[in-house]
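Here is the structure we will look at, set down as structure tokens.
The values are calculated or read from the model by the stated rules, or taken from the named source; none is laboratory data. Model, not experiment: these values are computed from the prediction. Cβ placement follows ideal geometry from the backbone for every residue including glycine, while neighbour counts extend to all protein chains displayed.
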Amino acid sequence: MNTFMNKSLLSLATATLLTTSISLQAADKPGEGIEVQPLKSSIAEETFQTLLVSRALEELGYEVGDIKEIEYASAHVAIANGDGTFMADHWDPLHTNFFNRAGGEDKIYREGVYSPGALQGYLIDKKTAEKHGITNIEQFKDPEIAALFDTDGDGTADLTGCTPGWGCEEVIEHHLDAYELRDSITHNQGSYSAIIADTITRFEQGESVFYYTWTPYWVSGVMVPGDDVVWLEVPFSSLPGDRDGVDTALEDGTNYGFQANDQRIIANQEFADNNPEAAKLFAIMKLSANDISGQNLAMRDGQDSEEDIQRHTDLWIEANRDTFDGWLKEARAAGE
């Protein structure tokens with residue numbers, strides 16, 4: 001075989017190997033060169049869930065920007081319009097109204113469940129509940145019951161409530177009218193982290209407390225339902241807007257006034273259509289309530305810096321590498 005032939009074969013082999021390498025790299029990094037903008041609300045404890053999705057997208061080659069904070073209603077509109085790519089903490093059905101108002105399924109991709117079975121509702125300290133036989137929020141119509149939770153002397157019970165713009169405030173405000181509690185309960189709103197911290201301080205000092213919260217969240221690791229506090233039921237199901245007429249009773253018959261929620265990843269529909277690998281990832285990622293609560297409690301105990309949360313995310317991936325790699329494998333296969 002002459003020298004020319006040898007060189008030709010060598011060049012062909014090199015070209016083939018290079019093409020194969022590029023092809024494998026493209027399959028491994030299908031999102032290369034594509035920018036992604038994650039969104040989250042002002043709840044710091046949602047950073048962990050959001051970062052976990054961002055990490056997976058980065059391993060698929062996407063260029064993921066820093067998380068932008070925007071409250072839920074505006075976040076749904078931003079995602080529908082393409083000003084944001086994804087949000088990892090869409091609460092279904094709590095955020096149904098936000099989802100529908102932003103364009104619904106035509107504009108927003110929503111497949112799979114990221115974290116199932118989140119609860120929300122009203123709680124009071126167990127000591128006061130047992131002493132006065134309080135089990136239902138309707139009992140706050142009694143001025144003597146309401147006065148037990150009056151912290152400012154105006155004669156109404158003070159509820160540590162929901163930050164405006166989160167969605168839960170719409171339900172609470174609706175309940176005050178539906179259950180005729182407007183004259184008995186004052187819905188205190190503001191930065192939830194600040195007002196719940198004050199509530200916990202009063203609880204630790206032995207005072208009666210009345211507050212709204214949700215799970216998974218670190219609050220229930222500090223004031224433990226069943227041990228320290230109790231859930232209050234509502235007299236009947238009643239929800240605002242598109243969920244009018246929906247039954248909020250749980251499978252065991254208890255009714256806390258809020259539907260059990262699934263946390264879901266939502267994304268811009270056009271982005272999902274053009275990026276089947278990312279869309280598949282959004283649909284299959286799953287995170288347990290225990291993992292979320294554990295990380296959130298670490299934040300409450302002082303590990304709340306950006307570096308801390310980044311470390312928590314890395315540690316979760318390290319401890320669950322097989323699961324994480326399984327998501328990536330399935331996501332990459334969606335683009336083949």
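Descriptive notes on the structure:
- Residues in segment 204-244 that are touching a Ser or Thr at 6+ places or on another chain (Cβ under 8 Å), surrounded by fewer than 16 Cβ atoms within 10 Å (Cβ to Cβ) and not charged (D, E, K, R): 2 in all.
- Condition check for VAL113: out of contact with any helix residue (DSSP H, G or I) (no Cβ under 8 Å at 6 or more places or on another chain), of a type in the set (Val, Ile, Thr) and at pLDDT 95 or above: yes
- The single residue among LEU328, LEU250 that is over 23 Å from PHE98 (Cβ atoms), assigned by TED's automatic domain parsing to the domain that holds TRP91 and out of contact with any Cys (no Cβ under 8 Å at 6 or more places or on another chain) turns out to be LEU328.
- Residue match in segment 152-160 (condition: modelled with pLDDT of 95 or more, in contact with a strand residue (DSSP E or B) (Cβ under 6 Å, 6 or more places away or on another chain), in a loop (DSSP other than H, G, I, E, B) and not hydroxyl-bearing (Ser, Thr, Tyr)): no
- Selection of segment 134-155 for residues being polar (S, T, N, Q) and within 31 Å of the chain's Cα centre (by Cα) yields THR135, ASN136, THR151.
- Residues located in segment 85-121, provided they are among the β-branched types (Val, Ile, Thr) and part of a loop (DSSP other than H, G, I, E, B): THR85, VAL113
- Here ALA80 meets the list (1) at pLDDT 95 or above; (2) touching a Leu at 6+ places or on another chain (Cβ under 9 Å); (3) buried (at least 16 other Cβ atoms within 10 Å of the Cβ) almost entirely, failing just condition (2).
- Within segment 262-277, the set of residues being crowded, with 22+ Cβ neighbours inside 10 Å and not basic (Lys, Arg) comprises GLN263, ILE265, ILE266, ALA267, ASN268, ASN275, GLU277.
- For segment 72-88, taking the residues that are touching a residue at least 40 places away in the same chain (Cβ under 8 Å) and among the β-branched types (Val, Ile, Thr), the one that is nearest to LYS107 (Cα to Cα) is identified as ILE79.
- When segment 242-293 is filtered for residues that are at pLDDT 95 or above and of a type in the set (Lys, Arg), the ones remaining, listed by number, are ARG264, LYS280, LYS286.
Residue-wise test of (1) among the charged types (D, E, K, R); (2) surrounded by fewer than 18 Cβ atoms within 10 Å (Cβ to Cβ).
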site	(1), (2)
THR96	no, no
ASN100	no, yes
GLU105	yes, yes
TYR109	no, no
GLU130	yes, yes
ILE137	no, no
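- Among residues of segment 20-44 that are within 30 Å of PRO216 (Cβ to Cβ) and in a loop (DSSP other than H, G, I, E, B), those with a beta-carbon under 7 Å from a residue that is charged (D, E, K, R) and modelled with pLDDT of 95 or more at least six positions away or on a different chain give the pairs GLY31/GLU277; GLN37/LYS68; SER41/GLU69; SER41/ASP89; SER42/GLU69.
- Taking segment 288-319 as the range and being under 23 Å from THR201 (Cβ atoms) and either in contact with an Asp or Glu (Cβ under 7 Å, 6 or more places away or on another chain) or among the acidic types (Asp, Glu) (or both) as the test, the residues that pass are ASN296, MET299, ASP301, ASP304.
- Residues being of a type in the set (A, V, I, L, M) and under 21 Å from GLU59 (Cα atoms) - total across segment 246-305: 11
- Residue among ASN136, ASN188 that is closer than 19 Å to TYR256 by Cβ and polar (S, T, N, Q): ASN136
- THR135 vs. criteria outside the structural domain of PHE98 (by TED's automatic domain parsing) and more than 30 Å from SER115 (Cβ to Cβ): no
- Evaluating GLU45 against the criteria (1) surrounded by 19 or more Cβ atoms within 10 Å (Cβ to Cβ); (2) at pLDDT 95 or above leaves one unmet condition, (2).
- Among the candidates ASP308, ASP291, ASP262, residue that is free of Cβ contacts under 8 Å to residues at least 60 places away in the same chain and under 17 Å from the mean Cα position of the chain (by Cα): ASP291
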